[in-house]
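What follows is a short report on a single structure.
The values are calculated or read from the model by the stated rules, or taken from the named source; none is laboratory data. The shown structure was predicted, so the numbers you read here are calculated from the model rather than taken from an experiment. All Cβ positions, even for glycine, are placed from backbone atoms using ideal geometry, and neighbour counts span all protein chains on display. Heavy atoms of the whole protein, side chains included, go into the accessibility calculation; ligands, DNA and RNA do not. Shrake-Rupley method; radii C 1.70, N 1.55, O 1.52, S 1.80 Å.
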Amino acid sequence: MKISKTKRFLALALTLLMAFALAACDQGGDSSSTPSNDGDSSVASSQQGGNVTEGEDFQETTGEKPAGIQPGTTFTYSISYDVPTYMPYMDTRNNFLALQLYDNLLYKYHANLEDIRGNLAESWEVSEDGLEWVFQIKQDAYFSNGNQVNAEAFVKTWDVAKEYQPRYFVPVESYVATGEFELTITLSTPSPTFIYDLPMQPTVGVVDPAGLEEYGPEDNRAAVGAGPYYIESYVSGEGFVLKANENYHNPDKFPSIETVNLSIIPDENTAVIALMNGEIDSMVTVNIEIYNNLVDNGWNVAVVEDRVNPFWFNAREVELFRDDVVREALCHMIDWQAATDLVYDGLFPAPNSYWVGPGSSPYGDNYSYDPELGIQMLEEAGYSKDDIAFTFLADPDFTNIELALQAQFQELGFNNIQVETYDAATCYGMLKGGTYEVFPVHNGYGVESPLMPYSMGLTPESTQRVMWLDYIDEARYEEAMTLYQEAATSPTFEAYLEKVEQLTKLCQEENVALGGLQTMRVFGVAPRFGGVYIAPIVGYFDFCYLWDTEAAA
């Protein structure tokens, strides 16, 4: 796919606008990304690039994955930001790393949602009422330091993890070691999505309790898991060296690549040059120009569907956003299709809901593109264009789209809307602290857990609060929380989705977000590697499946 000359001219104008915006503030250059859903699979693709579906290896390779570790093999993966803390529950930005280091009870084979298998659990049983889950832990599973995994290790890990990641424990009444290798989890209410959460997520994967006891829950020296890889070394600002775990317990996930280097390259242009020069073996981007560059140079790229990223109004920080008229009027101002055509050559779809997938609810008329109506609404409510003042918070990955939105507002005469770009770590800190005005984030939506955006962004204990409905309308907030509780305690997945859909509709009726685009993430991987399985839901890349076809030959 190539961008037309007209679009390249517009992109140049956008770049100039970005230069003015960046000159106004002194920000850093790290980048971060937010990973997918099961939405429209008709996304544009090129001859070389195409969509990745669940359980699919997008590389065409010959031969079979070797049974053991391939001596001397190395895979170097570019990451755009540092992860100074790598205890799994400490920071969700380290999920790509936690996936390699920390196993849980269950996993998705080849990143396929439809193929759930036992990982550290060799078997499990669920009571008829869905409240009791009994897992039998493998007796031949060991942490990378040689200590044996048992049921008590899960208990001690989760006693710590629940303080950092409470959303995974919402339906959990208790978890008890009912035997040395038997773990019993009791739920307070049936949960149709529980299987995808506490027993499966690497964020709450088991950690060696000996390290937790010796060093404490936030010390990286305690970062010892039972995954296919372990950390051999870490250098701040440079990256990680991972080594294959020779004593790994799961034959289906036994690693073939001996060494995985996670190399920190904040600048994507530097990363793509390194990829083409063979200095790294893989990178991920949301940049359409880099996508075109890879395709033009004959690379086989995977286009992985990501989630919708709504632009959330922070009504706690900006009193202007507490006015229903203002929020709806602003939603009428944006032509999302024009924005994606300009910035992403249409590769990022303009969705018709906050989410694309189960539990989604179509936008109502208050999201229709009608700038004249929006301006009229503001005038009738007594607002001038100069009264509309706020700042888009942007990380480097999404600055261009925010500048495009700013330009659309400026064309309508709204000149007090700014864009400020910060490095990813700063943006994440502002997000967690709630000290932003408008910011785009997906907040965890996935096919298996559509309620997660509300667990992370609506409830009082949310880890990334973005839905400030209680500052907009307390009665509607209470209604939303009732729907949330009804969804969380639904006896069936169908009833659960019905409540999630009602909750999404309520938030969209209140215009708690401006709208957004569905992100598409592009992975370039050196063609000699087979076993490239990338999860469309979360963008996770399991290195354990990789193998080097040249080394095997």
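Its Cα gyration tensor gives region 119-197 an equivalent ellipsoid, and the semi-axes of that ellipsoid, as √(5λ) in whole Å with the largest first, are 21, 16, 10.
The charge dipole of region 57-116, taken about its Cα centre with unit charges on the Cβ of Lys, Arg, Asp and Glu (plus for the first two, minus for the last two), comes to roughly 180 debye. Applying the criteria of a DSSP loop state and at most 16 other Cβ atoms within 10 Å to the GluC sites (Glu not before Pro) of region 353-413 yields no site.
Dividing the alpha-carbon radius of gyration of region 384-500 by the rule-of-thumb value 2.2 N^0.38 Å gives 1.26.
Excluding residues fewer than 8 places away in the same chain, name every one of the aspartates and glutamates whose C-alpha is closer than 14 Å to that of K162. Straight-line reach from K162, under 14 Å: D91, E173, D197, E218, E461.
Taking every protein chain into account, the accessible area of region 476-533 amounts to 32 square angstrom per residue (probe 1.4 Å).
Computed from the Cβ-Cβ distance with R0 of 35 Å, the FRET efficiency linking E60 to D267 stands at 0.70. Rounded to the nearest 500 deg cm²/dmol, what is the calculated helix-only ellipticity per residue at 222 nm for the chain, with -39500 (n - 2.57) per DSSP H run of length n ≥ 4? Computed mean residue ellipticity for the chain: -8500 deg cm²/dmol. Atom-type composition of the exposed protein surface of the chain places 47 percent of the accessible area on carbon and sulfur (1.4 angstrom probe). Taking θ as phi - 60° and the Karplus parameters 6.51, -1.76 and 1.60, the scalar couplings of region 419-425 work out to 10, 10, 9, 10, 5, 4, 5 Hz in sequence order, x denoting glycine and proline.
In this rough spin-label picture, where each label sits 7 Å from Cα along the Cβ direction, the T74-D129 distance is 5.8 nm.
The residues of region 225-301 present an accessible area of 38 Å² per residue when probed at 1.4 Å with all protein chains retained.
Report the calculated FRET efficiency for E319 and T426 (r = Cβ-Cβ distance, R0 = 25 Å), to the nearest 0.05. The value I calculate is 0.55. For region 252-262, the Karplus equation 6.51 cos²θ - 1.76 cosθ + 1.60, evaluated at θ = phi - 60°, returns couplings of 5, 10, 5, x, 9, 6, 6, 10, 10, 9, 9 Hz by residue, with Gly and Pro reported as x. Take every Cα pair under 8 Å whose residues are at least 6 apart in sequence, average their separation, divide by the length of region 341-487, and the relative contact order is 17 percent.
Identify the residues of region 312-338 with backbone N under 19 Å of a label point that sits 7 angstrom from the Cα of S368 along the Cα-to-Cβ direction, or state none. Residues passing the 19 Å test: 325-338. A Förster distance of 45 Å, applied to the separation of the beta-carbon atoms of S236 and R117, puts the FRET efficiency at 0.80.
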